[in-house]
Amino acid sequence: MSYSNEDLAALVREDSVHKSVYTDPEIFRLEMERIYGRAWIYVGHDSQVPNPGDYHTTSLGGQEVIMVRGSDKKVYVLYNRCPHKGAKVVAEGCGNTGKFFRCPYHAWTFKLDGQHLAAPMKNGFEGTCFDPKHPDFSMRRVARVESYRGFVFANQSAEGPDLGEFLGHVITSIDNMCDRSPVGEVEVVGGTFKVWQPSNWKVFYENLHDTMHANVTHESSYVAAREQAQDYGSMPLELHIMDGNGEPYGFWEKLDLYAFENGHGYMEGIFNPGAIETDPVSKAHFETLKDAYGEEKALGILGQNRHNTIIYGSGSPHTVFQQFRVIRPVAVDRTHVEIQLFRLKGAPDEIYKRGLMYANLINSPSSNVMPDDIEVYGRCQEGNLTRGGDWISMHRYNGTDKPIEGGMVATNGTSELPMRNQFRAWKKFMTMA
Amino acid sequence: MLFDIDFDVGVDRVAPVNLNPQASRAVEQYIYHEARLLDERRWPEWLDLWTEDGMYWVPHSFDQTSPYEHISLCWENKLLRELRIRRLENSRNWSQQPVTQSCRVVSNVMIDGTDPDGYLVVRSAFHSMEWRGKEPVHRVGSLIHKLQAQEDGGWKLRMKQVNLVDRDAVHGAIQVYI
């Protein structure tokens, strides 16, 4: 069916949402146009393209794009399409293209910023409107690109707020991840995991701040971790990060959940990776930050203990373990999640290794935790294809959210505020004129 | 912490070793036995194959030489192997309902020689299919076993490295041992 703005608005109620937003391919198509065509979307990190000619391919709401370092050292984001026959100019992946892009089909070439450089055999164009200076004959740039502390975002629309305004308060999570480096910089290193989710992209976002599922969905892994700890007589960090999911409801109720404009938010940390008094790795980290920033600021940086942050449309940075789960919708029932691991430049190597361990054990396809998430997401997708009901509940603590600047804070850590907030943003984008 | 351990994953510096046909066949049988224990989900017996400090490694990238500077699909010591199996056996492991059925063919077994620490390096190829009632999952790759000779004449697993042909692909959940 085709949807009017009124139809779309009617799919989102204050306390529930119609299941078709997860299952209807037409709605998915509209989302790619109206959300992914209008929001600022994370493309990649500066450190993935350090030198001129370095490129990295990725996608923005299904649009294949190239992030490339220009000869002027600036980062450009181009649609991966030759304007001649439409061929993809570079294969998926990364590399260095040299001083220019060269289409493998008819050798049209383009500067690193996409501008037309040359096409073979000038004689054939006489008397036509072929004009190398006209944008129709260059690789097209994504309308806007902005970088914040090395995190490159692109926006396919020329209209609307700038990146800082779009991110709002959630930008502090990017700051905190960078500030954890004594030189204030991070880099993507050590490979990126890629995992299929058999479900709609929104399910993943909702789950990031869904504290009610942890104890239920992850029972097999936290019970296994506890049994292991009992046998070994101690609980190393490897087990501790799984044990956390088994905290009782009372624990989750006390956590803070923040929700901001445009669907963003973050939740308070659920495990302290090590107090600076007791854990030598954290202590060494603290010392490097103290030398760089002074004691007070160093304490403030490490004291900001956030679990998942949500940058709606882009994914989820985890500041304490230096991860970024990039969430890419592929189809109405298929989502690609890429996990980037960051190194804090100048921080002790043990901090990187701790992040590496977290990536391997929590964010990899071979994790002992994520398979149960993947399973329940898939079950939501399948259950919603039945005639067993049309609406999805987001009632928990509805009506109790407290306004703060730029958003809301939940009165209870088990609130479904994050889901309600994401759908407010969804409705805004989807019904924008 | 797990990643503090100093474990030599190198398999290229090997000295030739001359095993008689009977001993070679015993090594092959050991490799097949290890595969069979996994397919038959005989977890305690499989766990018993390992040395105390043995490591199970599934690299993530083609040019990866170490599990210390790069993510791995698996880098598991005894603690984590037991953990995975405890989770597989937990009755509320939703993603193991139905359980993963698997069958693997292991072939091309070649004994490369012994590494500087005296462990026997054995290479082979495998093809397996996993099944949970929906889509079949094929896994193909090469295996490298580092075996430690035992006083009774048998072997223990010092390292098992699994090099998937599609290791850099987008994967669904990888749950059981490959």
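Could you check, for the range B:74-83, whether at least one of its residues is under 20 Å from A:Phe193 (Cβ atoms), without any contact (Cβ under 8 Å) to a residue 12 or more places away in the chain and surrounded by 19 or more Cβ atoms within 10 Å (Cβ to Cβ)? Yes; the residues of the range B:74-83 include at least one that is under 20 Å from A:Phe193 (Cβ atoms), without any contact (Cβ under 8 Å) to a residue 12 or more places away in the chain and surrounded by 19 or more Cβ atoms within 10 Å (Cβ to Cβ).
Is it fair to say A:Tyr222 is touching a residue at least 12 places away in the same chain (Cβ under 8 Å) and in contact with a Lys or Arg (Cβ under 9 Å, 6 or more places away or on another chain)? Spelling it out, it is not the case that A:Tyr222 is touching a residue at least 12 places away in the same chain (Cβ under 8 Å) and in contact with a Lys or Arg (Cβ under 9 Å, 6 or more places away or on another chain).
Taking each residue of the range B:158-171 that is farther than 29 Å from B:Leu120 by Cβ and looking for partners that are among the acidic types (Asp, Glu) and surrounded by 14 or more Cβ atoms within 10 Å (Cβ to Cβ) with beta-carbon atoms closer than 9 Å, six or more apart or interchain, yields B:Val170/A:Glu338. Could we say that A:Leu255 is facing chain B (nearest Cβ under 8 Å) and closer than 27 Å to A:Val281 by Cβ here? The answer is no for A:Leu255. Taken together, A:Val203, A:Val216 contain a single residue that is surrounded by fewer than 17 Cβ atoms within 10 Å (Cβ to Cβ), among the hydrophobic types (A, V, I, L, M, F, W, C) and part of a helix (DSSP H, G or I), which is A:Val216. Inspection of the range A:87-108 identifies at least one residue that is within 20 Å of the chain's Cα centre (by Cα) and under 30 Å from A:Gly184 (Cβ atoms). Beta carbons closer than 6 Å, at least 6 apart along the sequence or on distinct chains, pair a first residue in the range A:349-371 that is more than 12 Å from B:Glu76 (Cβ to Cβ) and more than 7 Å from chain B (Cβ to nearest Cβ) with a second that is modelled with pLDDT under 95 and open to solvent by 10 Å² or more (accessible area, probe 1.4 Å) for A:Glu350/A:Val281.
If we scan the range A:379-397, do we find a residue that is closer than 20 Å to A:Gly263 by Cβ, open to solvent by less than 50 Å² (accessible area, probe 1.4 Å) and touching a residue at least 24 places away in the same chain (Cβ under 8 Å)? Yes: one or more hits.
Taken over the range A:247-276, residues that are open to solvent by 10 Å² or more (accessible area, probe 1.4 Å) and part of a helix (DSSP H, G or I) amount to 6.
Against the list (1) open to solvent by less than 30 Å² (accessible area, probe 1.4 Å); (2) farther than 24 Å from B:Leu80 by Cα; (3) within 14 Å of chain A (Cβ to nearest Cβ), the condition B:Tyr177 fails is (2).
Just a yes or no: is a residue in the range A:96-106 in a loop (DSSP other than H, G, I, E, B), surrounded by 22 or more Cβ atoms within 10 Å (Cβ to Cβ) and touching a strand residue (DSSP E or B) at 6+ places or on another chain (Cβ under 8 Å)? So far as the range A:96-106 goes, no, none of its residues is in a loop (DSSP other than H, G, I, E, B), surrounded by 22 or more Cβ atoms within 10 Å (Cβ to Cβ) and touching a strand residue (DSSP E or B) at 6+ places or on another chain (Cβ under 8 Å).
Among the candidates B:Arg167, B:Arg123, B:Arg104, single out the residue that is open to solvent by 40 Å² or more (accessible area, probe 1.4 Å), more than 30 Å from A:Arg226 (Cβ to Cβ) and within 16 Å of the chain's Cα centre (by Cα).
Working: B:Arg167 fails: open to solvent by 40 Å² or more (accessible area, probe 1.4 Å); B:Arg104 fails: open to solvent by 40 Å² or more (accessible area, probe 1.4 Å).
Testing whether each residue is open to solvent by 40 Å² or more (accessible area, probe 1.4 Å), more than 30 Å from A:Arg226 (Cβ to Cβ) and within 16 Å of the chain's Cα centre (by Cα) leaves just B:Arg123.
The values are calculated or read from the model by the stated rules, or taken from the named source; none is laboratory data. Here the structure is a predicted model, which means the values were calculated and not measured. A quick note on method: Cβ atoms are made from the backbone with ideal geometry, for glycine too, and the neighbour counts reach across all protein chains shown. The accessibility values were calculated without ligands, DNA or RNA, using every heavy atom of the protein model including side chains. Shrake-Rupley method; radii C 1.70, N 1.55, O 1.52, S 1.80 Å.
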